[in-house]
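J.: Quick one: the structure is below, questions incoming.
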Amino acid sequence: MDNDVMMYRTMCLIRRYEDCMAEIYTEGKTPLFSIAAGTVPGEMHLAAGQEPVAVGVIRHLRSDDAVTAPHRPHHFAIAKGVDLGRMTAEIFGRRTGLSQGKGGHMHLFDPQTHFSCSGIVGAGFPPAVGAALAFMKQGRDNVAVAFAGEGAANQGTFHESLNLAALWKAPVVFVIEDNHYAISVPKAQSTAISHNSERAQAYSIPGVYVSGNDVLAISEAAQEAVTRARQGHGPTLLEVETTRLYGHFQGDAEAYLNAGEKESWRQWDPIRRFRAELMDRQMLSEEQDERIQAAVNQQVDDAVRFARESHEPEADEALRDVFAEA
Ligand SMILES: Cc1ncc(C[n+]2csc(CCOP(=O)(O)OP(=O)(O)O)c2C)c(N)n1
Ligand SMILES: [Mg+2]
């Protein structure tokens, strides 16, 4: 399969997964919206609309390169190749999950694909620099990528991490997803400059803003940043414009959005645009697209079935693998 069609396929897989999670999330939470109840205990932050960021960057990574992700992690985990069944089981709190169901959707850890994420905003930057430092010490040419939202770029960890990574010429790429909001707070009300990429100047590293939520433009910028890191020339800061098609979390009434804002994002759907572009370039046919849709639906169905059929942990396992008094 052509590389661009592969990226399209992964974007479709992510979208199908997020749409499916949106549906499943409501199971058992009616009539009262009880966050702990139902198939998916806890909060749920979906990344539909943000697929190009994950796919455009991660296509340049190897399986032993490291990725740290934020509280909205599914698109990154899927693009990095985390097992969909074990990830879904983790989200459902099942024993077969990546962390035996103890982490949930914001804490997906997978040593096999070198993927981790955290519900603490800004927490992924320092471990990405740590991973990069380890790669340098081991003489390996691996790269670490830290993904986070534009809200996270106002945290101290972001600036501390950029500083050390620049000083050490560490093989890290920092990728900020500018989806315009941190919960309900627009970027213009939290951030002193219009593009976080400009902050790279303070650390003498390249900073690039990629507008348009366009997977090919993101991929091009990421290729340069990843190559630079892999060749030992140090970190790059990318900020990528994107859109969040669901609310901040499932259950968000989104009263803070302007009239028509959501509708314009939906019309600007990056998957629909990329599909039209591939068809124009005669790289994708209707039949091939149907086969792709059928295949990704099957993949998601299989993962959900595996998670549903998995057992919940036993009560006496609650203190296993966690910090606890003996
Ligand atoms: C240290 C910390 N402060 C506050 C929160 C609460 N919180 C969760 S998500 C979020 C907004 C994050 O916005 P952004 O970084 O833009 O990511 P997005 O949700 O837009 O993907 C906040 C403030 C948190 N989880 N951790
Ligand atoms: Mg944001």
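Only the coordinates and a few stated rules stand behind these numbers; no lab work does. The model shown is predicted, which means the values in this text are computed figures rather than measured ones. Glycine gets a Cβ as well: all are built from the backbone with ideal geometry, and neighbour counts include every protein chain shown.
J.: Starting from one equal scatterer on each C-alpha and no solvent at all, send me the Debye-based log10 I(q)/I(0) for the range 141-199 at q = 0.21 Å⁻¹, two decimals.
T.: Normalising to I(0) and taking log10 leaves -0.82.
J.: Running a GNM on the chain with Cα contacts under 10 Å, which residue among Thr243, Thr26, Thr88 ends up with the highest mean-square fluctuation?
T.: Looking only at Thr243, Thr26, Thr88, the biggest GNM fluctuation is shown by Thr26.
J.: How about the range 114-219: which trypsin sites (Lys or Arg not before Pro) there lie in a loop by DSSP and see at most 16 other Cβ atoms within 10 Å? Let's see the in-between values first.
T.: Numbers: sites: Lys137, Arg140, Lys169, Lys187, Arg199; in loops: Arg140, Lys169.
Here the sparse-neighbourhood loop sites are Arg140, Lys169.
J.: Assuming 1.306 mPa s and 10 °C, estimate D for the range 56-198 with Stokes-Einstein, Rh taken as the Kirkwood radius over Cα pairs, in µm²/s.
T.: Numbers: Rh = 15.6 Å.
Value of D from the Cα-based Kirkwood radius: 102 µm²/s.
J.: Loop only by DSSP, 14 or fewer other Cβ within 10 Å of the Cβ. Give me the trypsin sites (Lys or Arg not before Pro) in the range 220-326 that pass, ordered by residue number. Could the numbers behind the result be given before it?
T.: Working: sites: Arg228, Arg230, Arg244, Lys262, Arg266, Arg272, Arg273, Arg275, Arg281, Arg291, Arg305, Arg308, Arg320; in loops: Arg244, Arg281, Arg320.
When the trypsin sites (Lys or Arg not before Pro) of the range 220-326 are filtered for loop state and at most 14 Cβ neighbours within 10 Å, Arg281, Arg320 remain.
J.: How big is D for the range 54-115, in µm² s⁻¹ as a whole number, if Stokes-Einstein is applied with the Kirkwood radius of its Cα pairs at 25 °C and 0.890 mPa s? Intermediate values should be presented prior to the final figure.
T.: Details: Rh = 11.4 Å.
For the chosen part, D equals 215 µm²/s.
J.: From the Cα trace of the chain, what convex hull volume per residue do you get, rounded to a whole Å³? Mind dumping the intermediate values first?
T.: On the way: hull volume 48.5 nm³, N = 326.
So the per-residue hull volume is 149 Å³.
J.: At a 10 Å Cβ-Cβ cut-off, how would you order Ser285, Ser118, Ser99, fewest neighbours first? Could the numbers behind the result be given before it?
T.: Working: Ser285 11, Ser118 20, Ser99 16.
Result, fewest neighbours first: Ser285, Ser99, Ser118.
J.: Which residue fluctuates most in the GNM of the chain (Cα springs below 10 Å): Ala170, Ala48, Ala259?
T.: Judging by the Gaussian network model, the answer is Ala259.
J.: Taking N as the number of residues in the range 196-326, what value does Rg over Cα atoms divided by 2.2 N^0.38 Å take? Intermediate results must be reported in sequence, preceding the final value.
T.: Details: Rg = 21.7 Å, N = 131, 2.2 N^0.38 = 14.0 Å.
Cα-based Rg divided by the globular estimate yields 1.55.
J.: Okay, which of the range 234-249 sit inside 17 Å, backbone N to the point 7 Å along the Cα-Cβ direction of Tyr256?
T.: 242-249
J.: Taking the Cα centre as origin and putting +1 on Lys and Arg beta-carbons and -1 on Asp and Glu beta-carbons, what dipole magnitude results for the chain, to the nearest 20 debye? Kindly include the intermediate steps, with their values, before the conclusion.
T.: Details: 30 positive and 44 negative charges, 136 e Å.
For the chain, the charge dipole is close to 660 debye.
J.: List the lysines whose alpha-carbon lies under 17 Å from that of Lys169, not counting same-chain residues fewer than 8 positions away?
T.: Within the straight-line cut-off, Lys169 pairs with Lys137.
J.: Counting only C-alpha contacts under 8 Å and six or more residues apart, can you give the relative contact order of the chain as a whole percent?
T.: Relative contact order here is 22 percent.
J.: So, by mean Cβ neighbours within 10 angstrom, what's the order for 246-253, 62-69, 50-57 with the highest one leading? Can you show the working numbers first?
T.: Numbers: 246-253: 16.6, 62-69: 20.8, 50-57: 28.4.
Sorting 246-253, 62-69, 50-57 by mean packing, highest first, produces 50-57, 62-69, 246-253.
J.: Next up: Which helices, taking whole DSSP H runs in the chain, have alpha carbons extending 30 angstrom or more along the helix axis plus mean Kyte-Doolittle at least -0.5? Spell out each step's value before the answer.
T.: Working: long enough: 3-25 (33 Å, -0.18); 286-309 (34 Å, -1.18).
Result, helices passing both filters: 3-25.
J.: So, one more: Given the DSSP H assignment, sum -39500 (n - 2.57) over each helix run of at least 4 residues in the chain and divide by its residue total; what's the result at 222 nm in deg cm²/dmol, nearest 500?
T.: Working: 10 runs with 130 residues, N = 326.
Value at 222 nm, helices only, nearest 500: -12500 deg cm²/dmol.
J.: Could I ask something else about it? Taking 0.36 nm per intervening residue step and subtracting the Cα-Cα distance, what contour gain separates Arg273 from Ala217 on full extension?
T.: Details: separation 56, 0.36 × 56 = 20.16 nm, distance 1.32 nm.
Gain on stretching Arg273 to Ala217: 18.8 nm.
J.: Take the Cα atoms of the range 1-85, find their three principal axes, and give me the spread along each one in whole Å, biggest first.
T.: Cα spread of the range 1-85 along its principal axes, largest to smallest: 46, 24, 21 Å.
J.: Would you mind giving the average projected area, over all directions, of the Cα convex hull of the range 169-266 in nm² with one decimal? Mind dumping the intermediate values first?
T.: Details: hull surface 28.5 nm².
Taking the Cα atoms of the range 169-266, their convex hull projects to 7.1 nm² on average.
J.: Taking Cα centroids, how far is the range 269-304 from the range 31-109 in Å?
T.: Each part reduced to its Cα centre gives a spacing of 22 Å.
J.: 7 Å from Cα along Cα→Cβ at both Ser285 and Met1: what's the point-to-point distance in nm?
T.: Taking the two extended label points, one gets 1.7 nm.
J.: At most 14 other C-beta atoms within 10 Å and a DSSP loop state: those are the exposed GluC sites (Glu not before Pro) I care about. Give me the longest piece of the chain that has none. Walk me through the numbers on the way to the answer.
T.: Values: sites that count: Glu27, Glu254, Glu314, Glu325.
Result, exposed sites excluded: 28-253.
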